[in-house]
1. Strictly greater than 21 Å: what percent of every Cα pair in the chain meets that?
2. Springs between alpha-carbon pairs under 10 angstrom, Gaussian network model over the chain: which of Ser50, Ser21, Ser70 fluctuates most?
3. With +1 on the Cβ of every Lys and Arg and -1 on the Cβ of every Asp and Glu, and nothing else charged, how large is the dipole of region 60-115 about its Cα centre, in debye rounded to the nearest 20?
4. Where the centroid of each part is defined by its Cα atoms, how far is region 41-65 from region 21-36 in Å?
5. Can you give the local net charge around Glu6? Use residues other than it whose beta-carbon is closer than 12 angstrom to its beta-carbon, Lys and Arg +1, Asp and Glu -1.
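Just so it is clear, none of the values below were taken in a lab; they were calculated from the coordinates. Keep in mind that what you see is a predicted model, and the values were worked out from it rather than measured. As a convention, Cβ positions derive from the backbone with ideal geometry for all residues, glycine included, and neighbour counts pool all protein chains shown.
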Amino acid sequence: QVQLVESGGGLVQPGGSLRLSCVVSGIRISDSVMGWYRQAPGKQREVLASMTSSDNTNYVDSVKGRFTISRDNTKNTVYLQMNSLQPEDTAVYYCNTIWLYKNYWGKGTLVTVSA
């Protein structure tokens, strides 16, 4: 059974940083494409970053240069380092993978950027 559990969200001031973690069980993240998404209040869920099994990364323009996706295969954990956070980054952040043609999501972690 594939499970993803996010953590690391919280309240941060504008300009601050957070690192989100996604612990994965049931599959090896080294064999998978992993992604981070977010959903702000009243908006659709959007993809932020992805990493392939060969370490190729992609980012949406709004987070390029500020967010970094990485992984630790020994811990089967994916990270999202977020810097220079702004109020518009406030959202629930989700970890995602597609395995055997099925989408898997964590329950999300809330990030609030506010003074």
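1. Result: 30 percent of Cα pairs exceed 21 Å.
2. With Cα springs under 10 Å in the chain, the top fluctuation among Ser50, Ser21, Ser70 is at Ser70.
3. Dipole magnitude for region 60-115 comes out near 240 debye.
4. 15
5. Neighbourhood net charge equals +3.
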